[in-house]
1. Using alpha-carbon positions, what is the distance between the centroids of the stretch 124-191 and the stretch 192-239, in Å?
2. Amide H of residue 36: which non-local residues (sequence gap of 5 or more, or other chain) have their own amide H closer than 5 Å, using H built in the peptide plane?
3. Output ³J(HN,Hα) for the stretch 66-72: one whole-Hz value per residue in order, computed from phi by the Karplus curve 6.51 cos²θ - 1.76 cosθ + 1.60 with θ = phi - 60°, and x for Gly and Pro.
4. In what sequence, highest mean first, do 159-170, 186-197 appear when ranked by Cβ atoms within 10 angstrom?
5. To the nearest 0.05, what FRET efficiency results for residue 135 and residue 104 with a Förster distance of 25 Å applied to their C-beta separation?
6. With unit charges on the beta carbons (Lys and Arg positive, Asp and Glu negative) and the dipole taken about the Cα centre of the chain, which residue among 91, 152, 142 sits farthest to the positive side?
7. Given the -39500 (n - 2.57) contribution per DSSP H run of 4+ residues, what per-residue ellipticity at 222 nm results for the chain, rounded to the nearest 500 deg cm²/dmol?
8. Could you please tell me the mean projected area of the C-alpha convex hull for the stretch 105-188, averaged over all directions and given in square nanometres to one decimal?
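Please treat every number below as a calculation from the coordinates, not as lab data. This one's a predicted model, so the numbers in the text were calculated from it and none came from an experiment. Positions of Cβ are generated from backbone atoms using ideal geometry, with glycine treated the same way; all protein chains shown enter the neighbour counts.
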Amino acid sequence: MKKVLIIGNWKMHLNVAQSSLLAARLHKQITGHRDIEVVLAPSLVALQPLSTQVDRRRFRLAAQNAYQKDEGAYTGEVSFHMLRDLVHYVIIGHSERRIYFNESLDIVRDKVSACVRNNMTPILCVGETAHERANGETKQVLHDQVVSALSNLTGVEVANIVIAYEPVWAISTFGGKIAKPSDVAKEMAFIRHQVTELYGANVSKHTRVIYGGSVDDHSARAYLEIDDCEGVLVGGASLNYHKFAGIVDRAYRMNREKDDKEND
Ligand code: PGA
C-alpha cells in the first residue's frame, strides 16, 4: 500500500527560530503512522537546523526550490547537488515560481532532471490559471506541463516522483477559491492518464498524484477521498500546528476506517 503523503509548504514564512518551534510543536502533536508520510518544506535557511532537530522516521524534509546546474558561478543560487543528503524531496514548478520567477516549461524540466540526477524526489506542481480554465485550456495546460517536465526521465524514475495537481486559482496566494472535489478528481485522473500514455500503466500506478490548493483540516478529507488522490500539499494551514496535525489525523482516521472495512 502506498503511504498517504501530507506535505507542509511553509513558503517564505518563519525564521530559523520560528521554524524550529513549529517543528517542535509538530513533534508533540503528530505521532508516527506507518501508512502516512509527513513532509516539511521550510525555508532554505531552516533546512540544515531542522535536519538535525527532526526525527527522520517521523518527518521527511523538502526544499521549496533549487538551481538546476550542479555548481558554478551562479551567484545567489543553491543547487540540487548541494541539497543531496539534506532533503528527501524538492518542490518544483510551484505556480508561485512559474508566475513570479518566470520559470518556463524548460526550466521546470531541467530542475526535475537535476533533482532526480541528485537522488532526490521531485514534487512536481502542475495546474491551470483561472483564465486558462475559463478558456477551456485546462487539459492542454496539464498535458504540456506534465509531458515537458517528465521528458528527460525514464519509466523507473517517473514511477518514483510525486505530481501535485494545484489549480492556480485554488491556491490561497492567488485567490484561494475552493476547488470542488469532483472537478479535482477529473483533472487528477487526467494527469495519471497522461503518465500512463507516456510510460504505461505499470509506471503510472506507482507515481503518486496529490492535491494542493487551500487544503485545511476541514477540507482535507474530501480531497483524500478522491480515487486518484494520494496526499495533499498544504500551504497556509501548514503554518498552524493544530490545523496541520488535524490534516494528518484525518488521513490516519480514513486509513483506519478502510482497514476496518477490509477486516469486516
Ligand atoms: P495554500 O497553498 O494551501 O495556502 O493554498 C498551497 C500551495 O501553494 O502549495
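1. Here the two parts' Cα centres lie 10 Å apart.
2. Correct list: 4.
3. 3J(HN,Hα) across the stretch 66-72, in whole Hz: 6, 9, 6, 7, 6, 7, x.
4. Details: 159-170: 24.0, 186-197: 19.0.
Result, highest mean Cβ count within 10 Å first: 159-170, 186-197.
5. Working: r = 20 Å, r/R0 = 0.80.
Here the calculated transfer efficiency is 0.80.
6. With unit charges placed on the Cβ atoms, the residue in question is 91.
7. Values: 12 runs with 122 residues, N = 264.
It comes out at -13500 deg cm²/dmol, rounded to the nearest 500.
8. Numbers: hull surface 23.4 nm².
Averaged projected area of the stretch 105-188's Cα convex hull equals 5.9 nm².
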